[in-house]
Amino acid sequence: MERLEIGLLGPLVVTVGGRSVVPSAAKQRRLLALLSVNLGREVSMGTIVEELWGGCPPSGPAAAVQTYVKHLRHRIAAVTGADPKEIVATGYAGYRLGSAGARVDTREFEATVADANRALAAGDDERGAGLLGSGLAAWRGPALCDVQRGGVLRAEALRLDEVRLAALEARIAAELRLGAHTRLVSELTALTSLYPLQENLHAHLILALYRSGRASRALEVFRRLRSTYVSELGIEPSRRLQELHRSVLGCDPTLDAPVPSLVTL
């Protein structure tokens, strides 16, 4: 049997031998996404019903779920030729998508991030940044962006997107420490537009601009962020970001060298 290839870092992808087995029906698609997120682990009937219908399940939801499982089994078995009940197995209180030989991009991404974090902790910024860049390249869009999501899938998608953002910030911080400030300015300009309230990215952009000889632009970035914080949140930027702002105003020579306390907020 050819192995399942599962992609959750973007639109849902589940293939066997290059052939997609993702159904077009919304409920079946969501069920496959839920089983894929929990690959190798049993998902209870209660969790499935909550994900598919929230607080408004139909009469006899278990029967509907059984029908969806049957369709998924037949769809995957038609491609793999394997026993359908080995693919979507019935457990004690729910169903489990078989994990034997399966590959899922989320687990590979998180393993790569863990390796990168170990490299960064050991002071190897070049290896850490390289690993993070490789892991981030696996993303094809927001997690599960083409699946109608209930509570469980929504929470998992948000978690994955947060892991992605943290990895992105860590990669940029490492590259700043490696002296790549000029190259990072355009990327950070786009990212701060996409995440207008994200302080870490603004701090990275301020530092990259300052090191690129564009102090006035760096100060403008701080003013814009402060204005957004005050008008939308009613608060000032963090103390660390204000310290970075004062350092730029005073042309603090420590900004010319990698200073983690000013790079990572």
Practice problem: Run L188 past the list (1) over 23 Å from L9 (Cα atoms); (2) open to solvent by less than 50 Å² (accessible area, probe 1.4 Å) and report the number of the one that doesn't hold. | Solution: (1)
Quiz item: Of the residues R240, R223, which single one is in a helix (DSSP H, G or I) and farther than 30 Å from A119 by Cβ?
Solution: R223
Quiz item: Is it true that some residue in the range 226-236 is under 21 Å from A170 (Cα atoms), part of a helix (DSSP H, G or I) and either among the hydroxyl-bearing types (S, T, Y) or open to solvent by less than 70 Å² (accessible area, probe 1.4 Å) (or both)?
Solution: no
Quiz item: Does L191 satisfy the condition of being under 25 Å from the mean Cα position of the chain (by Cα) and either among the aliphatic types (A, V, I, L, M) or closer than 19 Å to L165 by Cβ (or both)?
Solution: yes
Quiz item: Does T112 meet the test of being hydroxyl-bearing (S, T, Y), open to solvent by less than 50 Å² (accessible area, probe 1.4 Å) and closer than 30 Å to E175 by Cβ?
Solution: yes
Exercise. Write out, first by first residue and then by second, each pair whose Cβ atoms fall under 6 Å of each other, whose residues are 6+ apart or on separate chains, and whose first residue, in the range 48-75, is free of Cβ contacts under 8 Å to residues at least 12 places away in the same chain while the second is of a type in the set (V, I, T).
Key: P57/V49
Quiz item: Are any residues in the range 29-47 in contact (Cβ under 8 Å) with a residue 60 or more places away in the chain, surrounded by fewer than 20 Cβ atoms within 10 Å (Cβ to Cβ) and among the small types (G, A, S), and if so, which ones?
Solution: G40
Self-check item: Residue, nearest to N38 (Cα to Cα), within the range 116-133, restricted to residues that are in a helix (DSSP H, G or I) and open to solvent by 80 Å² or more (accessible area, probe 1.4 Å)
Solution: R118
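The values are calculated or read from the model by the stated rules, or taken from the named source; none is laboratory data. Just so it is clear, the structure is predicted and the values come from calculations on it, not from any experiment. Quick reminder, even Gly has a Cβ in these numbers, built from the backbone with ideal geometry, and neighbours come from all protein chains shown. Please note that ligands, DNA and RNA were not included when accessible areas were found on the heavy atoms of the full protein model with its side chains. Shrake-Rupley method; radii C 1.70, N 1.55, O 1.52, S 1.80 Å.
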